[in-house]
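The values are calculated or read from the model by the stated rules, or taken from the named source; none is laboratory data. Note that the coordinates shown come from a computational prediction; the quantities given were computed from them, not determined experimentally. Ideal geometry is used to build each Cβ from the backbone, glycine not excepted, and the neighbour counts take in all protein chains shown. Ligands, DNA and RNA are stripped out before the accessible areas are found, and what is left, the full protein with its side chains, is counted by its heavy atoms. Shrake-Rupley method; radii C 1.70, N 1.55, O 1.52, S 1.80 Å.
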Amino acid sequence: MASSAENAGPIESNGAKRYAETPLRSEEGPRGSYRFKNKRMKNGHAEQSSILSTNGTNEEVLLKDVTALIKKLHLDRDGKDTSTKVADKFTEIQVEIKEISSTGDGLGFQQGSDSDHVYVVPFTAPGDFVIARPHKHFEKEKYSMADFVSVTTASPHRDASLVKCPYFASCSGCQFQMLPYQFQLQHKKSIVERAYENFSNLPPELIPTIGDTIGSPLQYGYRTKLTPHFDGPPDARRSDGRKGIRRRFDQVPPIGFMKKGTRTTIDIEDCPIGTDAVRLGKKRERKRVAENLEKYHKGATLLLRESTTRIPKSEYHVSREEENTDNVIEDRENHVHVKTCITDPNAKTTEYIDDFRFVNPAGSFFQNNNSILPVFTEYIRDHVLPSTPNHNITHLIDAYSGSGLFTITLSSLFKSSLGIDISSSSIQSATENARLNNLPESSTRFIAADAARLFASIESPADETVVMIDPPRKGCDESFLRQLLQYGPARVVYVSCNVHTQARDIGVLVGGMAGVDGGFGMGEGCYEMESLRGFDFFPQTGHVEGVAVLSRKKKPVRQEKTEEQVSQNDEA
């Protein structure tokens with residue numbers, strides 16, 4: 001009855017041919033700068049703020065880890081001098097990997113050298129001795145980006161039998177397939193720890209013990225969305241369109257993902273972290289592009305998004321579904337889930353989280369690991385309210401609500417729930433999702449507004465309100481944090497796909513913001529951290545989702561002076 005991954009297996013046997021077709025480094029075009037590859041992160045909130053100290057970019061995060069490792073090396077060497085020698089570019093050197101950075105790359109030193117220059121080598125583990133090829137030096141910062149070439153002595157943490165993709169160690173999508181899953185979870189806990197140590201500006205006593213990272217039920221076959229792409233014809237130039245020249249493909253281009261550290265696209269037939277339905281969709285889309293190649297004159301990105309139809313078992317007919325080999329069938333106790341792959345970004349997709357139903361445009365944002373969402377939303381429900389039974393919190397504000405994930409899954413806990421998002425299309429989807437889940441408009445509603453200017457219209461009393469925050473990777477802006485401190489809700493639950501900007505923002509809520517009095521004095525912090533932990537939404541990668549729960553501090557109780565104390569003070 002259930003379709004297996006075997007039916008959605010690799011489209012070609014082992015990828016060896018594609019490896020051979022991948023260009024050598026000497027044949028590649030310019031790599032571009034490693035720094036600030038994501039323009040949205042380059043222009044993050046810290047660019048215009050004197051209070052927000054970081055944008056949480058890979059460069060900033062990596063430099064913190066590099067600096068800490070160099071400091072540790074000097075301590076280990078008991079203050080002995082180290083050289084500043086740096087290996088020549090594109091020469092092969094032996095590197096001993098000391099640790100994995102928060103960016104997912106290995107950090108190590110050249111073997112046989114007394115230099116404290118750090119080499120950043122992807123696809124490596126602590127204890128590895130590897131051959132690496134430096135290709136980009138940052139001499140002032142004392143590190144170099146290097147290509148991984150081969151392992152000479154394997155780390156005890158490395159297990160090559162765990163690797164399930166022939167493109168691993170070439171494709172930029174995964175970093176950790178060679179590492180046992182428990183090791184991945186431990187490392188992601190350390191990412192959260194380092195984020196708060198490096199970017200929160202808080203003393204250690206204000207940061208709670210960080211909980212173990214909650215793992216994903218699926219470590220492969222979990223991604224409900226993939227976006228492979230292909231580049232334009234090799235001889236196409238940006239000015240061709242203005243000159244009326246239309247270039248054509250003379251053969252099917254590589255369709256897949258970027259080669260690590262480059263702008264070169266690798267032809268990737270299959271991706272084992274995608275769900276079965278997505279993998280089948282990838283196979284069909286590759287075939288469609290090849291059959292319609294004459295229609296393409298430039299590159300394109302393909303959308304692959306899983307959609308679910310839930311059918312009660314009493315209404316399910318096996319023979320009808322077996323006729324459609326593009327569908328994946330899953331047995332879910334009282335229901336059957338029919339999984340399909342949607343490729344039109346404007347078409348609607350459906351996902352279920354427990355019994356909650358969410359319908360969204362296929363091209364819009366929604367969490368891409370459905371297997372962990374029931375565990376994740378249950379954790380939020382268990383922590384969004386205080387554990388004490390006599391609290392008076394009855395209102396929810398979801399400040400970056402999107403299509404309503406938190407507003408809808410938490411609504412039953414509150415007298416009123418308000419979701420706010422800057423995108424009117426997201427608010428439209430959220431409103432429809434609330435209706436699909438039979439939530440009354442009187443208690444669950446959504447409005448379109450810029451989250452940075454939302455608190456002026458909030459009517460619920462602050463001491464009866466919890467605010468959910470799930471911002472983009474660049475985190476909250478200064479205006480939003482100022483308003484949040486001035487409004488002063490009883491609780492804040494902050495979810496983030498970038499724990500570094502999350503640490504920065506929570507540092508402001510807990511440590512205070514200059515020029516803002518949130519009720520405890522000018523520049524004083526208003527919140528205490530109750531709990532902090534990571535969730536592994538993306539196994540085999542270096543990403544971790546952070547969940548922090550904050551409660552508003554209690555104001556100190558002023559003791560009234562007795563008549564005797566007043567008399568004694570007067571006499572003095």
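Backbone amide hydrogens, once placed in the peptide plane, bring residue 468 within less than 5 Å of 397, 398, 399, 493, excluding anything fewer than 5 places away on its chain.
Once the Cα-Cα distance is subtracted from the 0.36 nm per residue extended length, the residue 252 to residue 161 segment shows a gain of 29.5 nm. Taking every alpha-carbon pair under 8 Å whose residues sit at least 6 apart, region 155-203 reaches a relative contact order of 32 percent. Put the Cα centre of region 184-239 next to the Cα centre of region 260-312 and the gap is 23 Å.
With a Förster radius of 22 Å applied to the beta-carbon distance between residue 448 and residue 346, the computed FRET efficiency rounds to 0.65.
What the Cβ-Cβ distance of residue 153 and residue 78 gives, at R0 = 25 Å and to the nearest 0.05, is a FRET efficiency of 0.45. Given a 1.4 Å probe and every protein chain left where it sits, what share in percent of the accessible area of region 58-157 is carbon and sulfur? After summing per-atom areas, the C and S share lands at 48 percent. Note that region 58-157 presents 46 Å² accessible area per residue, ligands and nucleic acids not counted, probe 1.4 Å. With a Förster radius of 51 Å applied to the C-beta separation of residue 235 and residue 354, the computed FRET efficiency comes to 0.45. Distance from the alpha carbon centroid of region 74-89 to that of region 371-422 works out to 51 angstrom. Give me the percent of Cα-Cα pairs in region 471-527 that sit more than 15 Å apart, rounded to a whole number. Every Cα pair in region 471-527 considered, those over 15 Å come to 42 percent.
Here the relative contact order of region 84-170, from alpha carbon pairs under 8 Å that lie six or more residues apart, stands at 26 percent. In whole percent, how big is the carbon plus sulfur part of the accessible area of region 277-416, probe 1.4 Å, protein atoms only? Summing carbon and sulfur atoms, their accessible area is 47 percent of the total for region 277-416.
Taking the Cα centre of the chain as origin and assigning +1 to Lys and Arg Cβ atoms and -1 to Asp and Glu Cβ atoms, the resulting dipole is close to 2180 debye. In terms of overall dimensions, the C-alpha atoms belonging to the chain reach 97, 75, 53 Å along their principal axes, ordered largest to smallest. Spacing of the modelled spin labels on residue 459 and residue 88, each 7 Å from Cα toward Cβ, amounts to 7.4 nm. Summing charges over all other residues whose Cβ lies under 14 Å from the Cβ of residue 424, with Lys and Arg as +1 and Asp and Glu as -1, gives -3. Taking a straight line from the alpha carbon of residue 415, these lysines sit under 25 Å away, with near neighbours fewer than eight places off in the same chain left out: 553, 554. Summed over the residues of region 378-532 and divided among them, the accessible surface reaches 38 Å² per residue at a probe radius of 1.4 Å.
When DSSP beta bridges are restricted to pairs lying wholly in the chain, around 75% turn out antiparallel. What percent do you get for the relative contact order of the chain when only Cα pairs under 8 Å and 6+ apart count? It comes to 14 percent, rounded to a whole number.
At full extension, residue 554 and residue 310 could sit 83.1 nm farther apart than now, given 0.36 nm per residue minus the alpha carbon distance. Expressed to the nearest 5 percent, the antiparallel share of DSSP beta bridges inside region 58-157 is 85 percent.
Using +1 at the C-beta of Lys and Arg and -1 at the C-beta of Asp and Glu, which of 556, 301, 109 has the Cα lying farthest in the positive direction of the dipole of the chain? Farthest along the dipole direction, towards plus: 301. Using just its DSSP H runs of length 4 or more, each adding -39500 (n - 2.57), the chain gives a mean residue ellipticity at 222 nm of -7000 deg cm²/dmol after division by all residues. Among 243/298; 72/188; 85/260; 85/189; 283/339, which pairs are too far apart, with a Cα-Cα distance over 23 Å? Cα-Cα > 23 Å for 85/260; 85/189; rest within. Computed on the Cα trace of region 58-157, the radius of gyration divided by the Kirkwood hydrodynamic radius gives Rg/Rh = 0.92.
Once the 1.4 Å probe is applied to the protein heavy atoms, region 280-343 comes out at 56 Å² accessible per residue.
Here the Karplus curve 6.51 cos²θ - 1.76 cosθ + 1.60, taken at θ = phi - 60°, turns the phi angles of region 371-377 into couplings of 5, 9, 4, x, 5, 5, 5 Hz, with x standing for Gly and Pro.
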